[in-house]
Amino acid sequence: MGQCLSAIRPRLTPATVWRLSSARLTDSFEHITAIREQPDDDGPRLALANALTQRGDPRGEFIDMQCALVRYPDDVEVQDTLLARTSALLDEHEETWLEPLGLKPHEVEWSRGFVDTVTLTPRRLDQIGSLLARGAPVRTLVLRELGGNAARLEEAMQSPLLDVITALDLEGCDLRADAGEVFARATGLSRLRELHLRGNHLGFQGARELASAACLGGLTHLDLYDNGIGPGGMRGIVRSPHFAHLRELYVGSQSARGEQPDELIGDGGVHELARATHMTELKVLGVEWSDITFKGAQHLSAARHLTGLRKLSIQGNRVWQSGARVLVERMPRLEELNIRSNELGVTGMRVVASALNRLTSLDMSDNDAGAAKALLGATQLTGLRKLRLAFSALDDGATRVIANLPHLSGLTTLDLHGNAIGPGGARVLVNAPPMAHLTWLDLSGNPLGSAGAEALATATCLDLLSTLRLAGTSLDARGVRTLLTGAHFQRLTELVLGSNPLGDEGAAALAEASHLSRLHTLELQEAGLGETGLKALAEAPHLSGLATLLLHDNPLTEAALRALGTATWSPSIQELGLGCAWLRERPEQGQALLAQLTLAMPGVLLNEYAWRPRSRVRPSGRKRRAR
């Protein structure tokens, strides 16, 4: 292990302990207040941990270990050790620690030793909101089951918890324009800094009402993605004096949702943002699939207050080569750029790749062929860590060029799915020294076959890989068995093999691959798995830590589904996708069977087609217990 646990435990000097103790951290409310007032400082947390440990309380060790998790994010071995210990402590003590707060394990996410995020219904919020406001330094409230009811939202916002949280998540609650009116009438929310309204239906009227909400004057992060606010709603948002301190703004759309033109912000909405010269603190902007053209790109580039943007996502628009040029010339401080699906062509991609020297993340996917040529001369991109070139018509020759570019030797994430990379290109890629730092690799949708699996299994530059995505790569049972002979895959935490003809033999190979003990995400949709294969996976001891298992569209039988009840991973699973013909064709029997499995899988919630997490699955994919 890179560092022993004794080395990573924080050192509290006597002077530090005295200073923190002098703050009179003597009772629970004072502890929580001190932590809440210093949210980014581990001092109050560690002072409490030290006191608890001295009197033999295991909560002290838990706080200590979780704080260390944040301090050492890149040391895989330290992380694994800490995660194992914190998970063990939660298994033994979580219900006891949550009981005074009235919380249930599936409602919480822990961070740095305390409940950080709670996912509640309005009824549960009413029951325990007051307890949480005094008893835990909760920063994020995820409110669910509003059913589009603005009155229910308004009632929930009367909870004392709303006066102490810093982030409110209302994503996908089917809220309409009247929800904006609720915020306009609201008082309190003085600590709120982040408001997530993604995937609702506020429309331009709801956005304008939201813009008049004085209670939102402290916001630094506003997410209105996929709300159909249109240029009128955008005008209200950017002209509002209450949003003058925004640092992050998301107003894009989903390409699949099919909004009407007046629901997209378009060039008119971008023009309004360009005129909002008071928004000088804005650093992150998301305007995906918003019907923005070269004209809109010109508006953005001409706005002096936007030249300091650090992150821009303009995916799915039509800025073309000329729009890309004006953007990158006037935004030299960009560190992350998503300009996917903008019809750039090789010239436009070359302009983007060569003009920016601070990039750490670049997505040029789906911009026609020529990405390799564009990157060839971009020798200043030595700081690039994430590169996405999906659907870019890359063949083996282009892959060879990219793999051997010395200025890309810092890459940790590489997305090449949906190209024409064969076994030869894959072999060059995974043995190229510049690729030696990859931790995340997506080759899905490429014709790799068994020969490609062999290339991956014998790779010399994938020792750090934690995520491997190979969906739809023509892997059969022989191919996956060959793939899993790679001892360097022992660090994998996420493996995606869906849409491949693996069959039960392929599942058996996974069940025998004991070196995959770190896996927490396994995707096997449409892989031809039957009863034998699922039983083998259910009995595999090294898969006991799985948090996500997706098995949609496999020929699962009743016997196969019943095997889930005794699976080694049933206590830890948080997302289990089971959409299959047997469940759809026998809804009553299916509901009864899945209800029987509920007791064995406390971390997931049943719906009509599949198991879903009771609380949000983290972006990192880690188990809820392992934050």
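Miscellaneous remarks
- Top-ranked residue of region 419-434 - restricted to ones that are open to solvent by 10 Å² or more (accessible area, probe 1.4 Å) and assigned to a helix (DSSP H, G or I), ranked as nearest to residue 458 (Cα to Cα): 427
- Region 435-482, residues that are small (Gly, Ala, Ser) and outside any loop (DSSP other than H, G, I, E, B): 449, 450, 451, 452, 453, 455, 457, 477, 479
- Applying the set (1) open to solvent by less than 70 Å² (accessible area, probe 1.4 Å); (2) more than 25 Å from the chain's Cα centre (by Cα) to residue 208 leaves exactly one unmet item: (1).
- So residue 523, is it open to solvent by 10 Å² or more (accessible area, probe 1.4 Å) and closer than 20 Å to residue 602 by Cα: no
- Residue list for region 243-263, restricted to those being over 20 Å from the mean Cα position of the chain (by Cα) and either at pLDDT 95 or above or of a type in the set (Ser, Thr, Tyr) (or both): 243, 244, 245, 246
- Test for residue 131: is it in contact with a Gly (Cβ under 6 Å, 6 or more places away or on another chain) and open to solvent by 20 Å² or more (accessible area, probe 1.4 Å): yes
- Qualifying residue in region 530-542 (condition: open to solvent by less than 10 Å² (accessible area, probe 1.4 Å) and closer than 28 Å to residue 412 by Cβ): no
- Residue in region 455-462 that is open to solvent by 40 Å² or more (accessible area, probe 1.4 Å) and not β-branched (Val, Ile, Thr) present: no
- The criterion of at least 2 residues that are on the phi < 0 side of the Ramachandran plot and at pLDDT below 80 is met, among strands (runs of 3 or more DSSP E) falling completely within region 572-627, by 604-606, 611-613.
- Candidate set from region 398-418 (those that are within 24 Å of the chain's Cα centre (by Cα) and farther than 14 Å from residue 384 by Cα); member that is least open to solvent (accessible area, probe 1.4 Å): 416
- Flag for residue 569 being in contact with a Ser or Thr (Cβ under 9 Å, 6 or more places away or on another chain) and assigned to a loop (DSSP other than H, G, I, E, B): yes
Let's see how each residue does on (1) among the polar types (S, T, N, Q); (2) farther than 25 Å from residue 42 by Cβ; (3) touching a Ser or Thr at 6+ places or on another chain (Cβ under 8 Å); (4) part of a helix (DSSP H, G or I):
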| position | (1), (2), (3), (4) |
| --- | --- |
| 117 | yes, no, yes, no |
| 129 | no, yes, yes, yes |
| 155 | no, yes, no, yes |
| 178 | no, yes, no, yes |
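- When the residues of region 102-115 are filtered to those that are part of a helix (DSSP H, G or I) and touching a strand residue (DSSP E or B) at 6+ places or on another chain (Cβ under 9 Å), the one that is nearest to residue 162 (Cα to Cα) is 107.
Here's the yes/no breakdown for (1) assigned to a helix (DSSP H, G or I); (2) closer than 19 Å to residue 57 by Cβ; (3) more than 21 Å from the chain's Cα centre (by Cα):
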site: 74; (1), (2), (3): no, no, no
site: 79; (1), (2), (3): yes, no, no
site: 97; (1), (2), (3): yes, yes, yes
site: 100; (1), (2), (3): yes, yes, yes
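- Scanning region 345-381 for residues that are open to solvent by 10 Å² or more (accessible area, probe 1.4 Å) and not in a helix (DSSP H, G or I) returns 357, 358, 360, 361, 363, 366, 368, 369, 370, 377, 379, 380.
- Of all residues in region 201-260, those satisfying the criterion of being among the aromatic types (Phe, Trp, Tyr) and either assigned to a strand (DSSP E or B) or closer than 21 Å to residue 315 by Cα (or both) are 225, 250.
- Of all residues in region 440-456, those that are farther than 24 Å from residue 410 by Cα have Cβ atoms under 9 Å from Cβ atoms of residues that are of a type in the set (Phe, Trp, Tyr) and open to solvent by 10 Å² or more (accessible area, probe 1.4 Å), 6 or more apart or on another chain, in 445/391.
- Looking only at region 314-334, residues that are buried (at least 18 other Cβ atoms within 10 Å of the Cβ) and outside any helix (DSSP H, G or I) come to 7 in all.
- Here residue 170 passes the criteria (1) among the aliphatic types (A, V, I, L, M); (2) touching a residue at least 40 places away in the same chain (Cβ under 8 Å); (3) open to solvent by less than 10 Å² (accessible area, probe 1.4 Å) except the one numbered (2).
- Some residue of region 483-494 being in contact with a Ser or Thr (Cβ under 8 Å, 6 or more places away or on another chain) and either assigned to a strand (DSSP E or B) or among the charged types (D, E, K, R) (or both): yes
- Scanning region 102-121 for residues that are free of Cβ contacts under 8 Å to residues at least 60 places away in the same chain, open to solvent by 10 Å² or more (accessible area, probe 1.4 Å) and under 25 Å from the mean Cα position of the chain (by Cα) yields 103, 104, 121.
- The set of residues in region 589-600 being under 20 Å from residue 554 (Cα atoms) and not aliphatic (A, V, I, L, M) consists of 589, 590, 591.
- Any hit, region 192-199, residues being free of Cβ contacts under 8 Å to residues at least 24 places away in the same chain, among the small types (Gly, Ala, Ser) and open to solvent by 10 Å² or more (accessible area, probe 1.4 Å): no
- Filter result for residue 516 (open to solvent by less than 30 Å² (accessible area, probe 1.4 Å) and within 22 Å of the chain's Cα centre (by Cα)): no
- Scanning region 29-70 for residues that are among the acidic types (Asp, Glu), in a helix (DSSP H, G or I) and either free of Cβ contacts under 8 Å to residues at least 40 places away in the same chain or in contact with a strand residue (DSSP E or B) (Cβ under 8 Å, 6 or more places away or on another chain) (or both) turns up 30, 37, 61.
The values are calculated or read from the model by the stated rules, or taken from the named source; none is laboratory data. Just so it is clear, the structure is predicted and the values come from calculations on it, not from any experiment. Glycine also receives a Cβ, built like all others from the backbone with ideal geometry; neighbour counts cover every protein chain displayed. Each accessible area value is taken on the protein alone, full model and side chains, heavy atoms only, with ligands, DNA and RNA left out. Shrake-Rupley method; radii C 1.70, N 1.55, O 1.52, S 1.80 Å.
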